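See structure below.
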Amino acid sequence: MQKKISSIPFSGTPEQEARLKEVIAKNIDDPGAVMPVLQEAQEIYGYLPIEVQTMVAEGLGVPLEEVYGVSTFYSQFALSPKGKYNISVCLGTACYVKGSGDILNKLSEMLGIEAEECTPDGKFSLTACRCIGACGLAPVLTVNDEVYGRLTVDDVPGILDKYKDA
Amino acid sequence: MFRSNVLVCGGTGCTSSNSLQIAEKLKEEIKAKGLDKEVNVITTGCFGLCALGPIMVVYPEGSFYSMVKIEDIPEIVEEHLLKGRIVTRLLYQETVVEDTIKSLNKTAFYAKQKRVALRNCGVIDPEKIDDYIARDGYAALGKVLTEMTPEQVIQTILDSGLRGRGGAGFPTGLKWKFAAGNQADQKYVCCNADEGDPGAFMDRSVLEGDPHSLIEAMAIAGYAIGASKGRVYVRAEYPIAVKRLQIAIDQAREYGLLGEDIFGTGFNFDMELRLGAGAFVCGEETALMTSIEGKRGEPRPRPPFPAVKGLYQKPTILNNVETYANIAQIILNGPEWFASMGTEKSKGTKVFALGGKINHTGLVEIPMGTTLREIVFEIGGGIPNGKKFKAAQTGGPSGGCIPEEHLDVPIDYDNLLAIGSMMGSGGLIVMDEDNCMVDVAKFFLEFTVDESCGKCTPCRIGTKRLLEMLDKITKGQGTMEMLDEMEELCEFIKANSLCGLGQTAPNPVLSTLRYFRNEYLAHIQDKKCPAGVCKDLLEYTIDREKCAGCGLCSRKCPTQAISVTDYTAPGKRRPALEIDHKKCIKCGACMATCKFKAIYKA
């Protein structure tokens, strides 16, 4: 999938940088360190702007090209920031055959953004995710860590309303 | 000692509907009633019947409470746990027969199952190693290390007939034998827990419900091939599984069951977790090993096979979670016991994740050779809302759709291949008359196009071209020549792709072309989608006899495509409305708002 690369200026704090340096120092002897370090870096910054990838590359002594290759290869790595509320709609087969595609379309229509995008106010982002394994509740979506299951298209406005003023 | 044990499912399905809060509330209420010395609350792995979650079972009675709500807890504690009166109203109704309660094992869902890989799921607390040991845990490792030679272990696995549960069905013992035969200063035992098949969750359930069975089996494999290091590659999207597996590894180390000089035999084995980052191709063995090395998870040509050069160029074996979950049982019960289950060439049991249009969504483990009909209609409870069965999809994006005419084929590796599908990791998605098979084929192709790593051309470009043709067909722009082109391209991709992803990617297209060709023809020749799924081929129409003329739909219509006619149906006060098909964008808003069910799509 083509990754959306953010144009929002990078705004990392010195604390975040110190934490990243710690993570790099902890993993520097591991021959397969790039992935685990990027995973922790994403936890620290919420996404992986090119500035963070550069720090990882320099810290581990790996070419930036290799780090960038990894960050663009795996779907878990986000190159643009997520909204305050990230809505993930499961597009696993079990959810899809029960209509999760329609739910994604409805959300996209109501929020005015496509999947993998963030609303201009930074409030909502929309993701089409792979199976989260809650197939018994299909179709399923998550808002941050909150799970909503057994959905129909009509449930979408109510769910959005819960977060609009939050 | 407790007089009563309450088991609450802590698998992902049930925790998604708040089972952990239910367990907390239970403990609170039990304490408030002063029963905390008598009644024990245990959070277990998956019971399998996910459709009825959250699930809770009270022993010794075996009362099976389903779809439990937090509000129900005080009543269950007060009535059942304090006064001993089972709250029949809240039980899984199939277990209630007039005034008596039927054993869970006699219900349709459980009666035909045989739990080997899942034997501890929903039985023990996965975060307690003592629970696992009490169920003969680590006895197989002890037996292997103290009574058997590595050759005997491999022979036992060979004799059992166990084949890889990850998809291709390669004999596990043979894989071990190859790796054991290669000399090296370091060898690796790897586990594929990167369950990428959308709609499959059997490996996750084992990790969440019985993580020690994996650790024990990997240590046994380490002894058999002469490896001292293990790596588990697990999906980062499975946070509960990752957490429990890490707890289990730490406990096993503390008990001396991992680490140096295990059971005082001089055998060393330790293991680590590696988190995947979401790439379907990493289910392929060489890609997985490249990913463990921290690189882009791209496959490489074989040979050399991993048994010769795998992780970090050392001899390596890779098995999937379910395969490992069988190992300890084979060692303890003997290969003859295992081989007594199943069909001639596929021994033992197989776990399937039942999903889609089926009443009992969940996890089932059945002996090989069970028919699809038994799984769907007996264990699975059939199709909801009285709809008609259309197809069962196995093997995920690598598999195919099985039509009704093959429902009675006994399921095993070879039979599934013969009817154009494959075992895969065990996802089994049921589809009914409302699912369009062209759309399903397109769905899987979108997935493979997305997940193709791009290294080899047949897969990268071939799947994209296939998807473009499918897309045209679903939009009514298909031609008859396209069907032949698609078939030719499918064969080409299968024959020329580098790894299993590309080699199997055309299967969803080929199997739907084979069994549901009439649906393709309807899209191409009649420009119709018989199931009413493909938006571009639908027309929304107002039934003027049913329309009350309320105007709700015309207010909802985003393109003002609905207007008033001069016809008023008998018994209605206002004239009926109609849809201008030129303006209609087929969003379906009108149909969703109509209170008189006067709008239909076809």
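The values are calculated or read from the model by the stated rules, or taken from the named source; none is laboratory data. These numbers were taken from a predicted model, which means no experiment stands behind them. Counting neighbours? That spans all protein chains shown, and the Cβs are built from the backbone with ideal geometry, glycine included.
Evaluation of B:G294 against the conditions (1) within 14 Å of chain A (Cβ to nearest Cβ); (2) touching a residue at least 60 places away in the same chain (Cβ under 8 Å) shows that the sole unmet condition is (2).
Take the residues in segment B:42-58 that are buried (at least 24 other Cβ atoms within 10 Å of the Cβ) and aliphatic (A, V, I, L, M), then tell me which one is nearest to the other protein chains (Cβ to nearest Cβ).
Start the filter on segment B:42-58 by keeping residues that are buried (at least 24 other Cβ atoms within 10 Å of the Cβ), which leaves B:44-56.
Within this subset, residues satisfying the condition of being aliphatic (A, V, I, L, M) are B:49, B:51-52, B:55-56.
Details: B:L49: 8, B:A51: 5, B:L52: 8, B:I55: 10, B:M56: 15 Å.
Within segment B:42-58, the match that is nearest to the other protein chains (Cβ to nearest Cβ) is B:A51.
Rundown of residues vs (1) closer than 25 Å to A:T72 by Cβ; (2) surrounded by fewer than 24 Cβ atoms within 10 Å (Cβ to Cβ); (3) assigned by TED's automatic domain parsing to the domain that holds B:D194, yes/no style:
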residue	(1), (2), (3)
B:F263	no, yes, yes
B:G266	no, yes, yes
B:G283	yes, no, yes
B:G297	yes, no, yes
B:P301	yes, yes, yes
B:P306	no, yes, yes
B:Q313	no, yes, yes
B:Y324	no, no, yes
B:L332	no, yes, yes
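Among the candidates B:G230, B:G276, the residue that is in contact with a strand residue (DSSP E or B) (Cβ under 9 Å, 6 or more places away or on another chain), modelled with pLDDT of 95 or more and of a type in the set (G, A, S) is uniquely B:G230.
Quick check on segment B:531-548: of everything there that is in contact with a Leu (Cβ under 9 Å, 6 or more places away or on another chain) and surrounded by fewer than 21 Cβ atoms within 10 Å (Cβ to Cβ), which residue is modelled with the lowest pLDDT?
Step one: filter segment B:531-548 for residues in contact with a Leu (Cβ under 9 Å, 6 or more places away or on another chain), giving B:532, B:542, B:544, B:547.
This time we only want the ones that are surrounded by fewer than 21 Cβ atoms within 10 Å (Cβ to Cβ), so: B:532, B:544.
Working: B:G532: 88, B:R544: 91.
The extreme case among them is B:G532.
Tally time: how many residues in segment B:419-449 are over 18 Å from B:F516 (Cβ atoms) and surrounded by fewer than 16 Cβ atoms within 10 Å (Cβ to Cβ)? Summing the residues that are over 18 Å from B:F516 (Cβ atoms) and surrounded by fewer than 16 Cβ atoms within 10 Å (Cβ to Cβ) in segment B:419-449 gives 0. Taken over segment B:177-202, the criterion of being over 26 Å from the mean Cα position of the chain (by Cα) and either surrounded by 24 or more Cβ atoms within 10 Å (Cβ to Cβ) or not assigned by TED's automatic domain parsing to the domain that holds B:K314 (or both) is satisfied by B:A179, B:Y188. The number of residues in segment A:144-153 being assigned to a strand (DSSP E or B) and either more than 7 Å from chain B (Cβ to nearest Cβ) or more than 25 Å from B:M202 (Cα to Cα) (or both) comes to 2.
Could you tell me whether segment A:47-64 includes any residue that is of a type in the set (G, A, S), more than 8 Å from every other protein chain (Cβ to nearest Cβ) and in a loop (DSSP other than H, G, I, E, B)? Show your work before the answer.
Residues of segment A:47-64 that are of a type in the set (G, A, S), as a first pass: A:57, A:59, A:61.
Then keep just the ones that are more than 8 Å from every other protein chain (Cβ to nearest Cβ); that gives A:57, A:59, A:61.
Now narrow it down to the ones that are in a loop (DSSP other than H, G, I, E, B): A:61.
There is at least one residue in segment A:47-64 that is of a type in the set (G, A, S), more than 8 Å from every other protein chain (Cβ to nearest Cβ) and in a loop (DSSP other than H, G, I, E, B).
The set of residues from segment B:186-207 being outside any loop (DSSP other than H, G, I, E, B), under 25 Å from B:F444 (Cβ atoms) and within 11 Å of another protein chain (Cβ to nearest Cβ) comprises B:M202, B:D203, B:R204, B:S205.
Applying the selection to segment B:472-491, what residues are within 24 Å of B:L538 (Cα to Cα) and buried (at least 16 other Cβ atoms within 10 Å of the Cβ)? Can you show your working first?
Going residue by residue through segment B:472-491, those that are within 24 Å of B:L538 (Cα to Cα) are B:472-483.
Hits for segment B:472-491 are B:I473, B:T474, B:G478, B:M482, B:L483.
Report those helices (runs of 4 or more DSSP H) wholly inside segment B:63-149 carrying at least 1 residues which are among the β-branched types (V, I, T) and under 27 Å from B:P211 (Cβ atoms).
On the way: elements: B:108-111, B:129-134, B:139-147.
Because the criterion is at least 1 residues that are among the β-branched types (V, I, T) and under 27 Å from B:P211 (Cβ atoms), the helices (runs of 4 or more DSSP H) in segment B:63-149 that meet it are B:129-134, B:139-147.
Quick check, is B:D159 touching a residue at least 12 places away in the same chain (Cβ under 8 Å) and within 24 Å of B:D270 (Cα to Cα)? It is false that B:D159 is touching a residue at least 12 places away in the same chain (Cβ under 8 Å) and within 24 Å of B:D270 (Cα to Cα).
Of the candidates A:L38, A:L20, the single residue that is under 26 Å from A:N144 (Cα atoms), within 14 Å of chain B (Cβ to nearest Cβ) and either assigned to a helix (DSSP H, G or I) or among the small types (G, A, S) (or both) is A:L38.
When both residues are 6+ apart or on different chains and their Cβ atoms are under 7 Å apart, which pairs have a first residue that lies in segment B:331-348 and is over 10 Å from B:G161 (Cβ atoms), and a second that is of a type in the set (V, I, T)? These pairs meet every condition: B:I331/B:V144; B:I331/B:T156; B:I331/B:I220. Going through (1) outside the structural domain of A:L137 (by TED's automatic domain parsing); (2) touching a strand residue (DSSP E or B) at 6+ places or on another chain (Cβ under 7 Å) one by one, A:E22 falls short only on (2).
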